[in-house]
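Undergrad: Next up is a structure, given as structure tokens.
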Amino acid sequence: MKRKLIGIAAFTAAIITAGISVSAATTIVRGDADKSGNLDILDAITVMNYVDKGTQFANLSYCDVNNDGAVDKADASYILKAVSGLYTIPDEAKHTIVLSDNAITFDGAVQNTVYAEINNTANTIKIISPGTYNISGTLSNGQIIVDIPESYDNNNAELNLNGVTITNSAGPAIYGISGDIEISAKKSTVNTLTDGTPAVFETETDENGNETTTEDPNGCVFSHDGIKLKGTGSLVINGNYANGISGKDEVVIQKLGLTVNAVNNAVKAKDYVNIKSGTVNLTSTQGDGIRCTNGYVSISQDDAETATSVTINAKDNGIFTKADSSETNSDISITGGTVNINVKPDGDADTENCNYDGIHTKLGAISITGGTVTAEIYCDGIQAAGDLTIDGAAVINVTTTGEITSSSGSGQGQPFDPWQQQSTTTENDISAKGIKTDADMFIKGGANLTVVSTDDSVHANGSITIDDAVLTLAAGDDGVHADDTLTINDGCELTVSESYEGLEALTININGGVMNVYSTDDMVNAAGGNDGSSSSGPGGDPQSSSANGNININGGYLYCVNTTQSGDGGDGIDSNGSITINGGTVIVNGIAGNTSNSSIDYDSKFTYTGGYLFATGGGSMASEITSGLTASNPVLTYGLSSSSGGFGRPGQQSGNSSANTISKGTRLTLTDGSGNVIMTLVPVNNVENIVMAAGSNIKSGSSYTLYSGGTYSGGEDVYSTGGTLTGGTSLASKTAGSGVTSLN
């Protein structure tokens, strides 16, 4: 039996007679010429009007339903067949582009279609309709242009690169004028894009009709809309003119093996940069690795099968965001993957024109809640304007190498004394802090931080709270500095192996944790003001002479060492206000032979209600406890006279010149009348005087003896309680009173 073919007019009449109008399924977009949401005969009529009368309509290429590159009567017929259920329209068009110098082909032909326009004189192909484009071949001096009208519901072009090499000496290799661009490097293929200085720059016209030339297009891959880069192949982008990737909206990277070499920024976006997975290597010789001009940056591990690895070598900043106002999200978030950043000057540092920072947000916050971040930076390693949070299993390794300028005046290493009139000037060329925020900082959740810095290792212009985390710090200035409050809670393991001052804040609350602090000046210092200018030593820490500082120790284990050992150095625990010890264990290895510093120093009062304290030091400014003492928790001292010494501050005593200096490394042990060891310490510095407290383990009316040397059975720890002492030399013995009792 022969089938009878009817014309389009007869078919249309039949449909009208039947009164059929079929609603398009949600997956059918193509063919809906009038954008009514229904696929019906009106769409066929719209196409016929275009063919017969030249009447234009939006989404033209959506009606090339037979994928022949043209919209004609055949497409109207297919639409009618789809309405009647006789034909299924493909969801999208898929096309093939083969690049070749002056011989570009589209779907096997050298012709313009509703999808693309070929100019083999200029060596360009312009994609003008949404769809998927499979691209292969080479252009030695050419360009792919994407210019899809906004009238399309989804003006997105997917460019599948199958071994593509494009070099353009006169602008971007891929140039997005309108429409989102999705670039996919297909599996096992290597693709390379290289740009040059644009031959023609874009212009802008203001409200008065004045026309100005812009810097656009300014990237090897450039788009006025969004850019997404993906695929399991590799893509190399060489931004010889300015940026490697430059998107006026967002830039998203997923799975891809991406290498970007750029003169200016390797990746630049306006709204956001989102790296979800893949291996990304970014190099900038003059700018930033990642720069977001009015939005945020996110690095995550969203794909379980493909790891996220980001390596950045940059001249200015590794990752940088800024915003027009505080209402814009310009945060930086890292939730997974591995991020390696290297920022350093070539030769002499140009600090007037370059930041040399690792991760820097100008207005937003920084959150690192997973993954590993390693940064070797000349200036600040990680710097936030808003709150800075390090949480979860995040591992942070930061090294800063920039040299900070110390003060003229008192001289490096000479502590500033607010009771002496001094004239100092400040020159602080750069900030080279490890982790820094202008607001508050939170370190918690098992995070692990290792920082080696020429400036402060951890710094906040607000407050710092450290909970369950491990911190290993080596600082040229402060180990941890907060302008406001530093709070350390249970679970914190903090080591400051080198510092000028170990822990510094206006208020310091130690509620738990294990801390080992080594410094050349004050080990723990409660001082007012910030350290923006130097009054002495590295970076400078101006201290307020008003009694507004507070150190509150409620628990934990704090072991402090002054590493100068003798001569010029700082205090052990120093508060420009008050000190309160309610619990925990505090060991201070101060220095001998220094008349201007002591193991304990304060301006207002020192209150003790419980916990262990073993503070050794020397000098004429040694201070003892002034309040909170009862018969159940008295304090013992050695090497302190009863006369006021130094500058006559509260509780300050003179060093006892008749007491022999105890050599460093000589075990010191306090026992009760039965020979039980209350506490024992092997000091790492020479000792001239000692302050000892052990809560209810020292009782009023009981006798106590201080020994040097001997053999201790309780272990080899530098500080211990319990156990027994064999041998040793008795230095002093006395019955404790209800307050402070001097053993000598």
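The values are calculated or read from the model by the stated rules, or taken from the named source; none is laboratory data. Keep in mind that this is a model prediction, so the values were computed, not measured. Using ideal geometry, Cβ is built from the backbone for each residue, glycine included, and neighbour counts are taken over all protein chains shown.
Undergrad: Collect the residues in region 117-135 that are touching a helix residue (DSSP H, G or I) at 6+ places or on another chain (Cβ under 9 Å) and outside any strand (DSSP E or B), keeping them in residue-number order. So that I can check it myself, show each step before the final result.
TA: Step one: filter region 117-135 for residues touching a helix residue (DSSP H, G or I) at 6+ places or on another chain (Cβ under 9 Å), giving 128-131.
Answer for region 117-135, where residues must be touching a helix residue (DSSP H, G or I) at 6+ places or on another chain (Cβ under 9 Å) and outside any strand (DSSP E or B): ILE128, SER129, PRO130.
Undergrad: Next up: In region 674-695, which residues are farther than 18 Å from THR729 by Cβ and not in a strand (DSSP E or B)? Break it down into steps so the answer makes sense when it comes.
TA: Looking only at region 674-695, we keep the residues that are farther than 18 Å from THR729 by Cβ, and these are 674, 676, 684-685, 691, 693-695.
If the condition is that a residue be farther than 18 Å from THR729 by Cβ and not in a strand (DSSP E or B), then SER674, ASN676, VAL684, ASN685, GLY695 are the ones that fit.
Undergrad: Taking region 12-50 as the search range and keeping residues that are surrounded by 15 or more Cβ atoms within 10 Å (Cβ to Cβ) and at pLDDT below 50, which one is nearest to LEU60 (Cα to Cα)?
TA: Looking at the filtered set, the residue picked out is ILE28.
Undergrad: Which of the numbered conditions does GLU117 fail, given that it passes all the others? Conditions: (1) touching a Lys or Arg at 6+ places or on another chain (Cβ under 6 Å); (2) over 21 Å from ASN67 (Cα atoms); (3) of a type outside the set (S, T, N, Q).
TA: GLU117 satisfies all of (1) touching a Lys or Arg at 6+ places or on another chain (Cβ under 6 Å); (2) over 21 Å from ASN67 (Cα atoms); (3) of a type outside the set (S, T, N, Q) except (2).
Undergrad: Moving on. Quick one: is THR487 of a type in the set (S, T, N, Q) and farther than 26 Å from THR401 by Cβ?
TA: Working: of a type in the set (S, T, N, Q): yes; farther than 26 Å from THR401 by Cβ: yes.
Taking the combined requirement at face value, the residue satisfies it.
Undergrad: Between a first residue in region 93-113 that is farther than 16 Å from ASN160 by Cα and a second residue that is of a type in the set (Phe, Trp, Tyr), which pairs have beta carbons less than 9 Å apart while being 6 or more apart in sequence or on different chains?
TA: ASN112/PHE106; THR113/PHE106
Undergrad: Further, regarding this structure: Give the residues of region 53-105 that are within 20 Å of ILE148 (Cα to Cα), assigned to a helix (DSSP H, G or I) and in contact with a helix residue (DSSP H, G or I) (Cβ under 8 Å, 6 or more places away or on another chain), sorted by residue number.
TA: LEU60, CYS63
Undergrad: Does region 712-740 hold any residues that are within 51 Å of the chain's Cα centre (by Cα) and not small (Gly, Ala, Ser), and which are they?
TA: Initial filter on region 712-740 (within 51 Å of the chain's Cα centre (by Cα)): 712-725, 739-740.
Answer for region 712-740, where residues must be within 51 Å of the chain's Cα centre (by Cα) and not small (Gly, Ala, Ser): TYR712, GLU716, ASP717, VAL718, TYR719, THR721, THR724, LEU725, VAL740.
Undergrad: Looking at ASP346, ASP324, ASP316, ASP302, which is the one that is of a type outside the set (Val, Ile, Thr) and modelled with pLDDT of 95 or more? Please lay out each step first, then the result.
TA: Details: ASP346 fails: modelled with pLDDT of 95 or more; ASP324 fails: modelled with pLDDT of 95 or more; ASP302 fails: modelled with pLDDT of 95 or more.
So the residue among ASP346, ASP324, ASP316, ASP302 that is of a type outside the set (Val, Ile, Thr) and modelled with pLDDT of 95 or more is ASP316.
Undergrad: Hey, another quick one. Any idea which of THR724, THR729, THR735, THR680 is under 26 Å from THR607 (Cβ atoms) and surrounded by fewer than 17 Cβ atoms within 10 Å (Cβ to Cβ)?
TA: On the way: THR724 fails: under 26 Å from THR607 (Cβ atoms); THR729 fails: under 26 Å from THR607 (Cβ atoms); THR680 fails: surrounded by fewer than 17 Cβ atoms within 10 Å (Cβ to Cβ).
Of THR724, THR729, THR735, THR680, the one residue that is under 26 Å from THR607 (Cβ atoms) and surrounded by fewer than 17 Cβ atoms within 10 Å (Cβ to Cβ) is THR735.
Undergrad: Follow-up question, since we're still on this one. Considering only residues that are over 19 Å from VAL251 (Cα atoms) and part of a strand (DSSP E or B), look in region 177-220 and name the one that is farthest from the chain's Cα centre (by Cα).
TA: My answer is GLU211.
Undergrad: Oh, and also: Can you tell me which residue is farthest from ASP32 (Cα to Cα) among those in region 93-129 that are surrounded by fewer than 16 Cβ atoms within 10 Å (Cβ to Cβ) and within 47 Å of the chain's Cα centre (by Cα)?
TA: Of the residues in region 93-129, the ones surrounded by fewer than 16 Cβ atoms within 10 Å (Cβ to Cβ) are 94, 96, 100-103, 108-111, 119-122.
Checking the rest, the ones that are also within 47 Å of the chain's Cα centre (by Cα) come to 94, 96, 100-101, 119, 122.
Working: LYS94: 18, THR96: 24, SER100: 35, ASP101: 37, ASN119: 30, ALA122: 35 Å.
The extreme case among them is ASP101.
Undergrad: Still on this model: Which of the residues spanning region 371-397 are crowded, with 24+ Cβ neighbours inside 10 Å, without any contact (Cβ under 8 Å) to a residue 60 or more places away in the chain and in a strand (DSSP E or B)?
TA: The answer is VAL373, ALA375, ILE377, ILE382, GLN383, ALA384, ILE396.
Undergrad: In region 574-616, what residues are in a loop (DSSP other than H, G, I, E, B) and closer than 14 Å to ASP522 by Cα?
TA: Result: ASN576, GLY590, ILE591, ASN594, SER596, ASN597, SER598, SER599.
Undergrad: While we're here: For region 135-162, what are the residues that are surrounded by fewer than 17 Cβ atoms within 10 Å (Cβ to Cβ) and either among the acidic types (Asp, Glu) or free of Cβ contacts under 8 Å to residues at least 60 places away in the same chain (or both)?
TA: Pass one, region 135-162, residues surrounded by fewer than 17 Cβ atoms within 10 Å (Cβ to Cβ): 138, 140-141, 149-151, 153-154.
Within region 135-162, THR138, SER140, ASN141, GLU150, ASP153 meet the criteria.
Undergrad: Okay, moving on. Every residue in region 466-511 that is among the small types (Gly, Ala, Ser) and buried (at least 19 other Cβ atoms within 10 Å of the Cβ), please. Lay out the reasoning, then the answer.
TA: The initial filter retains those residues of region 466-511 that are among the small types (Gly, Ala, Ser), namely 469, 474-476, 479, 482, 491, 497, 499, 502, 505.
If the condition is that a residue be among the small types (Gly, Ala, Ser) and buried (at least 19 other Cβ atoms within 10 Å of the Cβ), then ALA469, ALA474, ALA475, GLY476, GLY479, ALA482, SER499, GLY502, ALA505 are the ones that fit.
Undergrad: Here is a further query. Looking only at region 92-147, filter to residues that are under 23 Å from ILE227 (Cα atoms) and charged (D, E, K, R); which one of those is modelled with the lowest pLDDT?
TA: Step by step, filter region 92-147, then rank; the result is GLU92.
Undergrad: Between LYS315, LYS255, LYS344, LYS276, which is over 27 Å from GLY179 (Cβ atoms), buried (at least 19 other Cβ atoms within 10 Å of the Cβ) and of a type in the set (Lys, Arg)? Give the derivation first.
TA: Working: LYS255 fails: over 27 Å from GLY179 (Cβ atoms); LYS344 fails: buried (at least 19 other Cβ atoms within 10 Å of the Cβ); LYS276 fails: over 27 Å from GLY179 (Cβ atoms).
One residue alone meets the criteria, LYS315.
Undergrad: Here is a further query. Please find, among ALA307, ALA242, ALA323, the residue that is touching a residue at least 12 places away in the same chain (Cβ under 8 Å), under 24 Å from GLU376 (Cβ atoms) and aliphatic (A, V, I, L, M). So that I can check it myself, show each step before the final result.
TA: Working: ALA242 fails: under 24 Å from GLU376 (Cβ atoms); ALA323 fails: under 24 Å from GLU376 (Cβ atoms).
That would be ALA307, the only listed residue that is touching a residue at least 12 places away in the same chain (Cβ under 8 Å), under 24 Å from GLU376 (Cβ atoms) and aliphatic (A, V, I, L, M).
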